[in-house]
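To start, the structure under review is shown below, and the notes come after it.
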Amino acid sequence: MIVIYPPGHAQHRPPSEIFNGNRDAHAEVPSRIERIKDALAQIPGVEFSPLQRFPVQWLKALHNHRYIAYLSRCSTTGSNAYVYPSVFPYAPGQTTKHAVGMRGQYSFDMYTPVNMATYQAAYESATAALTAASLVRQGAKVSYALCRPPGHHAEYAKMGGYCYFGNAAIAAHYLSGFGRVAVLDIDVHHGNGTQALLYGRADVFTVSIHGDPDYLFPYFTGRAHERGVGKGMGYNLNIPLPLGTTDRTYHTALGHALDAIGGYNPDYLVVSVGYDAHVRDPIGGFKLSSSYYRNIAQSIAALHKPSVLIQEGGYNVEVLGEISSLFAGGFML
Ligand code: SP5
Ligand code: ZN
């Protein structure tokens with residue numbers, strides 16, 4: 001397994017997220033990825049490989065160029081202070097040049113602030129995903145991009161859910177130039193961004209297992225009736241599960257997801273790996289055990305597809321080392 005680590009992530013450290021008018025400690029902290037990196041470094045058969053350079057065109061393939069330019073401009077402010085949205089567009093398609101307005105124009109929540117380090121970190125995170133994809137295209141069986149910030153909530157022109165660029169969708173789009181691609185998202189939250197960025201496509205099959213949006217972020221998407229649009233109809237599969245879901249229930253859903261992916265018969269697999277369905281995650285609400293993560297990995301690896309693992313969520317820093325070891329180890333069994 002080849003692991004890609006984006007060093008710039010550590011400069012992006014939002015202090016807080018705004019929830020119901022309160023400033024809560026931000027869950028998406030740098031130590032998450034440090035713990036995972038340290039754990040993976042202990043595993044025989046894991047090697048680290050540096051970030052390769054990819055031009056911004058790879059971001060523009062899936063994101064609005066003005067959105068990218070906005071994030072890029074935020075990196076030139078010379079201020080370490082994080083800015084948050086206050087006012088959101090009140091009708092579809094509305095735009096503004098006002099700094100306060102733009103924060104809302106390019107966001108869908110108040111959990112995902114920006115400072116001068118955010119663009120570089122998010123760009124490197126996407127680059128880690130692209131590097132991992134290129135290594136698999138060149139023949140590696142499995143690569144693991146330690147993406148931070150995460151990506152699966154980022155929309156075409158909006159940040160949200162701690163995400164800025166759609167790392168998994170970007171990697172999938174890259175690989176779609178070389179064959180059919182399936183994306184499997186096991187983060188506990190619905191990957192609304194991945195879904196939206198790939199919704200009209202039949203050359204990328206997107207599957208997500210997640211907490212029922214009636215009870216969990218991102219609330220507005222992730223329902224089973226969302227199956228794609230146009231040529232992409234039938235190439236998006238959502239499997240929502242109730243809060244409190246255990247290993248047993250999850251395993252049935254995972255079986256359905258893997259059967260569907262096997263039927264699609266992709267040349268490449270992209271896995272959005274979140275560890276926030278773990279029983280000790282502070283925001284997930286599922287009850288998966290640590291040892292079951294080895295089982296999940298083994299089941300996915302049994303598809304025998306060249307696979308790119310993309311880090312998404314997982315917020316209990318105390319257990320991320322253990323879970324990621326079991327997951328990476330399970331993939332290499
Ligand atoms: C990538 C990823 O996993 N993003 C998840 C974003 C979900 N954030 C939800 C934040 C929940 C707010 N905290 C509630 C505190 C109640 N006291
Ligand atoms: Zn998540």
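Each value in this text was obtained by applying a stated rule to the coordinates, not by laboratory testing. Please read these numbers as outputs of a predicted model, since none were measured by experiment. Every residue, glycine among them, receives a Cβ derived from its backbone with ideal geometry; neighbour counts consider all protein chains shown.
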Original post:
Which condition does P150 not pass, out of (1) outside any helix (DSSP H, G or I); (2) away from ligand 2 (no atom under 15 Å from the Cβ), if it passes all the others?
Top reply: (2)
Original post:
A126 fails exactly one of the following numbered conditions: (1) surrounded by fewer than 22 Cβ atoms within 10 Å (Cβ to Cβ); (2) touching a helix residue (DSSP H, G or I) at 6+ places or on another chain (Cβ under 6 Å); (3) closer than 18 Å to A10 by Cβ. What is the number of that condition?
Top reply: (1)
Subject >> Hits in segment 148-172 - residues which are surrounded by fewer than 24 Cβ atoms within 10 Å (Cβ to Cβ) and within 11 Å of ligand 1 (Cβ to nearest atom) >> reply: G160
Original post:
Is at least one residue of segment 109-120 of a type in the set (G, A, S) and within 22 Å of I310 (Cα to Cα)?
Top reply: yes
**OP:** Would you mind telling me which numbered condition in (1) more than 16 Å from ligand 1 (Cβ to nearest atom); (2) out of contact with any His (no Cβ under 9 Å at 6 or more places or on another chain); (3) under 27 Å from H173 (Cβ atoms) H9 fails?
**Re:** (1)
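Name every residue in segment 297-319 that is assigned to a helix (DSSP H, G or I), touching a residue at least 40 places away in the same chain (Cβ under 8 Å) and buried (at least 24 other Cβ atoms within 10 Å of the Cβ), in order of residue number.
The initial filter retains those residues of segment 297-319 that are assigned to a helix (DSSP H, G or I), namely 297-301, 317-319.
From what is left, the residues that are touching a residue at least 40 places away in the same chain (Cβ under 8 Å) are 299-301, 317, 319.
Result: I300, single match.
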Subject >> Unique residue being within 20 Å of the chain's Cα centre (by Cα), part of a loop (DSSP other than H, G, I, E, B) and either surrounded by fewer than 18 Cβ atoms within 10 Å (Cβ to Cβ) or in contact (Cβ under 8 Å) with a residue 40 or more places away in the chain (or both) when the list is L71, L51, L59, L40 >> reply: L51
Original post:
Restricting attention to segment 153-186, which residues are within 16 Å of ligand 2 (Cβ to nearest atom), farther than 26 Å from G104 by Cα and not in a loop (DSSP other than H, G, I, E, B)?
Top reply: V183, L184, D185
Original post:
Counting just the residues of segment 18-37 that are more than 16 Å from ligand 2 (Cβ to nearest atom) and farther than 17 Å from N316 by Cα, which one comes out surrounded by the most Cβ atoms within 10 Å (Cβ to Cβ)?
Top reply: I18
Original post:
In segment 187-238, how many are surrounded by fewer than 20 Cβ atoms within 10 Å (Cβ to Cβ) and not in a loop (DSSP other than H, G, I, E, B)?
Top reply: 3
